[in-house]
Each structure stands twice: as structure tokens, then as C-alpha cells.
Amino acid sequence: MVILNDTIVAVATPSGIGAIGLIRISGSRTFEIIEKLLRKSIQDQQSHSIVLRELFDEDGIIDEVLLSIFRGSRSFTGEDTLEISIHGSDYIATRLVKAVLFHGCRMAEPGEFTQRAFLNGKLDLAQAEAVADVIASEHKFAHEQAMHQLRGGYSKDIQLLRGKLLDFTSLIELELDFGEEDVEFASRDELKKLVLEIKNRVDRLSDSFTLGNALKKGFTIVIAGRPNAGKSTMFNSLLNEDRAIVSDIEGTTRDSIEELIQVGGVRMRVVDTAGIRDATDVIEREGINRTFKHVEASGITLYLFDPSNIIPEDVASDLSTLKNKTERVWTIANKMDLFRGSLSEYGDVKAEISAKDSQNVVKLFERIVGELTSEISKLGNEIVVTNARHAESFRLCSVELQSILDGIESGLTGDLLSFHLRSGIKALASITGEIDNEEVLGNIFSKFCIGK
Ligand SMILES: Nc1nc2c(ncn2[C@@H]2O[C@H](COP(=O)(O)OP(=O)(O)OP(=O)(O)O)[C@@H](O)[C@H]2O)c(=O)[nH]1
Ligand SMILES: [Mg+2]
């Protein structure tokens with residue numbers, strides 16, 4: 001339960017030594033409390049101004065600080081706020097926080113500043129969640145999506161769709177008021193058209209989650225294939241370092257190794273694995289088990305083969321094993337510096353590389369990024385869903401919309417249609433913030449950092 005009457009304080013910068021540290025205070029008593037630490041008042045200072053002041057507690061001076069002043073609703077939280085820039089010392093931060101606590105502040109909960117912004121109507125819930133995503137973003141894709149959502153994202157769309165559904169609900173509920181009389185204010189044909197249109201949009205958003213989430217978290221690419229296919233060589237070439245042991249002995253790699261790379265603004269987790277074969281050695285067999293586990297969890301599995309050393313039938317058999325475990329498998333012919341024959345018997349070979357000379361390796365990864373991003377744009381959304389809570393709400397909404405479509409076909413009564421409409425609306429509304437469950441709200445903000 002959030003108590004908005006309290007005035008809260010938090011250190012917004014990470015602990016340790018830094019050039020500057022930032023302490024935030026928000027709430028109705030902000031200025032009253034800071035006055036207690038000042039010898040020269042800031043009463044006359046306007047909102048959105050910065051002043052240099054000395055702060056004191058009973059032991060004397062705490063620090064020389066800059067006070068950024070935000071009065072009234074024109075602040076991030078929508079209430080009186082001070083941002084105090086101090087010298088970046090944990091000692092000063094702790095002593096200052098102690099002083100304001102003494103005069104009536106309370107320590108902020110994680111995310112409480114943002115939660116206040118939400119409760120005071122400065123942000124909707126999807127935007128508030130985007131704040132956490134912006135802070136957490138470590139690569140271009142995650143950052144772009146988070147910024148987009150922070151600036152409104154699909155919030156406006158949702159309002160619009162909700163409004164349309166609500167209009168129809170009112171009409172249907174009006175019919176119910178007429179009781180016995182057989183009136184139909186809400187044209188079922190038009191309702192069907194509208195619901196179809198909205199369902200289409202909602203489904204596309206919902207579908208974008210699998211890929212959106214994978215891209216946000218770091219898309220996993222697993223390099224698999226028989227021993228000596230050149231997997232570790234490719235892995236090293238990609239990282240530009242001698243990360244994995246390479247040798248011409250079959251079964252060199254036993255344990256999987258993974259590293260993070262960035263290509264075209266997308267972060268990827270690349271995994272080099274133990275070569276697949278019927279191993280007799282216990283440890284090697286365990287390594288191969290791990291290979292399959294990684295394949296199962298992969299975004300894309302790159303199946304590497306050396307055409308000079310494997311017949312097409314064996315490639316086909318490896319591919320069918322892999323495709324039983326994961327959806328996307330790309331076949332890659334390696335050691336093309338040695339091979340002079342034709343690859344036509346090997347099925348759909350996505351790329352021809354020479355890992356040893358780093359030929360076409362980066363290009364292959366750029367192509368992967370290209371395909372992933374074009375898949376996203378094919379979904380036709382400006383923005384993809386990267387938040388699991390939103391994805392679930394879209395899915396629930398879609399289920400209700402389907403019930404309406406089925407209901408229209410089967411001549412479902414108005415009261416039941418209205419029930420499904422209301423449930424669908426509720427699912428949409430929960431994305432932007434109409435949530436009647438305090439626990440859910442608390443849970444969302446508890447994942448934030450303190451001071452945000
Ligand atoms: N000519 C040529 N040799 C390559 C190429 N890629 C890898 N090799 C050689 O093939 C041998 C096996 O390479 P690795 O990278 O260890 O193969 P691997 O697939 O990791 O093998 P395991 O770890 O045993 O599963 C090494 O001698 C590499 O130098 C290539 O593109 N061209
Ligand atoms: Mg290897």
C-alpha cells in the first residue's frame with residue numbers, strides 16, 4: 001500500500017566513490033524538511049531552478065550541494081521534489097539521508113518515485129514499466145523499444161481500441177435495459193467487423209512477444225555440428241579472439257562455452273558446443289547432452305558442416321535430429337576454402353563460410369539480424385511487446401474477443417456478449433494501468449531500483 005502523504009527520500013546513484021551523488025526527496029513536506037538543513041532559505045527560489053547551498057546537521061556542515069527545485073505538479077513524480085547533487089561520497093550520502101529522515105522523511109521503496117508518477121497521472125503503467133526497461137537496457141534494440149514505450153508506445157492504441165469496444169458495450173447494455181422488447185441497437189455485423197479488426201491487432205502484438213522478448217534479453221545462437229566441422233573456429237572468429245580450443249582432433253570441445261556479442265544493435269548470446277556424434281566417452285556424452293539442451297533453448301541453431309567430410313545423407317539426418325528440438329535451424333557450409341564440389345545435394349544451405357579465414361562469418365550474423373528485424377517489421381507494429389505482463393494481457397483480451405466472435409455466430413445473448421466485451425476491455429486496460437489488484441502493482445514496482 002502506498003501512502004502518498006509521506007515525503008520520501010532515496011540515494012539515486014549507485015554506492016561507491018563518484019564525482020557526484022544524487023539524492024532525491026519527493027512529497028508535500030520536501031521543502032519544509034530541507035529548510036531545516038539550510039542556513040540560507042530557498043523559499044523564494046522558483047520551480048525548475050538550481051541553487052548552490054550548504055547543508056548542515058547538528059554536527060556541522062554536511063556538504064556543499066546543488067539543489068534542483070521542482071515545485072508542485074511539474075515534476076517527475078507530480079509532487080514537490082528536490083534533487084540534491086552532492087559530492088559522490090557514501091559517507092555524505094548516508095549522513096544527509098539520516099538528517100532528512102530525522103526531520104520527517106521516510107526511505108523510499110524500490111520504484112516508489114515512478115509509482116508516484118503513475119499514481120499522480122504523470123505516466124501510465126506501461127510507461128512506468130518502460131522506465132525500468134530504459135534503465136536496464138544494455139543494447140540498441142532493448143533501448144529503442146523501451147524509449148518508444150516510455151514515450152507512449154502502444155498506450156494510445158490501447159485507449160483507442162478500448163474506446164471502440166466500450167461504445168459497443170454501452171449499446172448492447174442499452175438493449176438489455178429494454179428487456180422483453182426485441183431491439184438491437186448494436187449491429188452484430190458491425191460488432192463482428194470491429195472485433196475482428198481489434199483481434200487482428202491484438203494478436204499481432206501478442207505474437208511479437210516471443211521474438212521481442214528474445215531480442216530484448218539477448219538472442220541465443222547455438223553453433224552445432226559434428227566434431228571438426230569448425231564450430232570453435234567460427235566462434236573464435238566471431239569474437240575475434242582465441243576463446244575456444246581449436247584442434248584437428250575430433251571431440252576437442254567437451255563443454256559448451258558462451259559469450260555475448262553485439263551485431264547491428266542486437267545483443268546475441270553465442271554458444272559453441274561439443275560436436276555431435278555417438279560418443280563412447282562418458283564426459284563427451286555429457287557434453288553432447290548439453291549441446292542438445294542448448295539447441296532446445298536456442299533462437300537459431302547454426303548447423304555447421306564440412307562438405308569435404310560428410311555425405312548429404314548424414315547432414316540430412318543431423319538436421320532432422322536438430323529440427324526435432326528447435327524451430328530454426330540454419331545449415332552452414334564451412335571450410336569452403338577447401339571444397340570445390342557442388343553443395344546442391346546438401347539441401348538449403350544458408351551460407352558458405354570459411355571460419356579459419358573469417359570469410360563470411362560476420363556477414364552471416366548480419367544476415368541473421370537482418371532477418372530478425374525484418375520479421376519484426378512484418379508484424380506491422382511500430383513496437384513489439386517485450387513485457388511478459390503485457391503479452392499475457394493481450395492474450396487474455398484475444399481469448400475474450402474470440403468468444404465474442406463465436407457468440408455472434410451462435411446468437412449469444414446480449415448480456416453474455418457484454419460480459420466478454422467487458423472482460424476484453426479489462427484485459428486491455430490492465431496494460432496501461434487500470435488494475436484493481438494492489439499486489440500486482442506492488443510487484444511491478446518492487447523490481448525497480450531504489451531512487452527511481
Ligand atoms: N581449411 C579450413 N580449416 C578449418 C576451417 N575451420 C576450421 N578448420 C580446421 O578444422 C579443425 C577443427 O576445427 P574446430 O574449430 O576445432 O572444430 P569443432 O567443430 O569445434 O570440433 P569439436 O570441438 O571437436 O567438435 C581445425 O584444425 C581447424 O583449424 C576452415 O574454414 N577452413
Ligand atoms: Mg570445438
Restricting attention to the range 301-354, and to residues there that are in a helix (DSSP H, G or I) and open to solvent by 60 Å² or more (accessible area, probe 1.4 Å), which single residue is farthest from PRO227 (Cα to Cα)? SER344
Only unsatisfied item for VAL131, checking (1) open to solvent by less than 30 Å² (accessible area, probe 1.4 Å); (2) touching a Lys or Arg at 6+ places or on another chain (Cβ under 9 Å); (3) closer than 30 Å to ASP415 by Cβ, is (3)
Given (1) touching a strand residue (DSSP E or B) at 6+ places or on another chain (Cβ under 9 Å); (2) part of a loop (DSSP other than H, G, I, E, B), index of the condition ARG74 fails: (1)
Checking LEU66 against (1) over 18 Å from SER28 (Cβ atoms); (2) open to solvent by 10 Å² or more (accessible area, probe 1.4 Å); (3) touching a residue at least 40 places away in the same chain (Cβ under 8 Å); (4) over 34 Å from the mean Cα position of the chain (by Cα), which single condition isn't satisfied? (3)
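Taking helices (runs of 4 or more DSSP H) that do not extend beyond the range 380-450, which have at least 2 residues that are assigned by TED's automatic domain parsing to the domain that holds SER206 and of a type in the set (A, V, I, L, M)?
Counting at least 2 such residues, we get 388-410, 414-432.
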Pair list, Cβ under 9 Å, 6 or more apart: the range 355-379 residue farther than 16 Å from LYS216 by Cα and in contact (Cβ under 8 Å) with a residue 24 or more places away in the chain, other residue within 16 Å of ligand 2 (Cβ to nearest atom) and among the aromatic types (Phe, Trp, Tyr): ALA355/PHE235
Sort out which residues of the range 185-204 are farther than 17 Å from LEU405 by Cα and touching an Asp or Glu at 6+ places or on another chain (Cβ under 9 Å), and write them in order of number. PHE185
Quick one: what pairs do we get from the range 282-300, first residue open to solvent by 40 Å² or more (accessible area, probe 1.4 Å), second not in a loop (DSSP other than H, G, I, E, B), C-beta under 7 Å, 6+ apart or different chains? HIS294/VAL222; HIS294/VAL271; ALA297/THR220
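Which one of these is aliphatic (A, V, I, L, M), within 30 Å of ASN443 (Cβ to Cβ) and out of contact with any Asp or Glu (no Cβ under 7 Å at 6 or more places or on another chain): VAL51, VAL97, VAL65?
On the way: VAL51 fails: within 30 Å of ASN443 (Cβ to Cβ); VAL65 fails: within 30 Å of ASN443 (Cβ to Cβ).
Going through VAL51, VAL97, VAL65 in turn, just one is aliphatic (A, V, I, L, M), within 30 Å of ASN443 (Cβ to Cβ) and out of contact with any Asp or Glu (no Cβ under 7 Å at 6 or more places or on another chain): VAL97.
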Could you tell me which numbered condition SER26 fails, if it satisfies all but one of (1) more than 30 Å from ILE435 (Cα to Cα); (2) at pLDDT 95 or above; (3) hydroxyl-bearing (Ser, Thr, Tyr)? (1)
Residues of the range 8-46 being open to solvent by 40 Å² or more (accessible area, probe 1.4 Å), touching a strand residue (DSSP E or B) at 6+ places or on another chain (Cβ under 9 Å) and over 18 Å from ALA93 (Cα atoms), in sequence order, are ARG39, LYS40, GLN45, GLN46
I'd like to know if the range 388-403 contains one or more residues that are among the charged types (D, E, K, R), over 26 Å from the mean Cα position of the chain (by Cα) and either more than 25 Å from LYS217 (Cβ to Cβ) or surrounded by fewer than 16 Cβ atoms within 10 Å (Cβ to Cβ) (or both). no
Single residue of the range 247-290 satisfying the filter (touching an Asp or Glu at 6+ places or on another chain (Cβ under 8 Å) and of a type in the set (Ser, Thr, Tyr)) that is nearest to ligand 1 (Cβ to nearest atom): THR253
Condition met for VAL362 (more than 30 Å from ALA130 (Cα to Cα) and either outside any loop (DSSP other than H, G, I, E, B) or open to solvent by less than 50 Å² (accessible area, probe 1.4 Å) (or both)): yes
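So, in the range 245-279, how many residues would count as being assigned to a strand (DSSP E or B) and more than 22 Å from ASP314 (Cα to Cα)? Give the derivation first.
Of the range 245-279, the ones assigned to a strand (DSSP E or B) are 257-263, 266-272.
Those still in the list that are more than 22 Å from ASP314 (Cα to Cα) too: 257-263, 266-271.
Of the residues in the range 245-279, 13 are assigned to a strand (DSSP E or B) and more than 22 Å from ASP314 (Cα to Cα).
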Within the bounds of the range 104-122, is there any residue that is free of Cβ contacts under 8 Å to residues at least 40 places away in the same chain and out of contact with any Pro (no Cβ under 7 Å at 6 or more places or on another chain)? no
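Being among the aromatic types (Phe, Trp, Tyr) and under 30 Å from ALA128 (Cβ atoms) is the filter; apply it to the range 153-187 and report the residue that is least open to solvent (accessible area, probe 1.4 Å).
Ranking the candidates gives TYR154 first.
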Given the criterion more than 9 Å from ligand 2 (Cβ to nearest atom), crowded, with 20+ Cβ neighbours inside 10 Å, not hydroxyl-bearing (Ser, Thr, Tyr) and not in a helix (DSSP H, G or I), identify the matching residue among ALA224, ALA229. ALA224
Looking at (1) out of contact with any Gly (no Cβ under 9 Å at 6 or more places or on another chain); (2) open to solvent by less than 10 Å² (accessible area, probe 1.4 Å), can you tell me which one VAL384 breaks? (1)
I want to confirm something. Restricting to the range 232-244 and keeping residues that are out of contact with any helix residue (DSSP H, G or I) (no Cβ under 7 Å at 6 or more places or on another chain) and not in a loop (DSSP other than H, G, I, E, B), which single residue is most open to solvent (accessible area, probe 1.4 Å)? LEU239
In this structure, is LEU52 surrounded by 12 or more Cβ atoms within 10 Å (Cβ to Cβ), at pLDDT 95 or above and assigned to a strand (DSSP E or B)? no
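The values are calculated or read from the model by the stated rules, or taken from the named source; none is laboratory data. Keep in mind the model is a prediction, meaning the values are calculated, not measured. Every residue, glycine among them, receives a Cβ derived from its backbone with ideal geometry; neighbour counts consider all protein chains shown. Note: areas computed on protein heavy atoms with side chains; ligands, DNA, RNA excluded. Shrake-Rupley method; radii C 1.70, N 1.55, O 1.52, S 1.80 Å.
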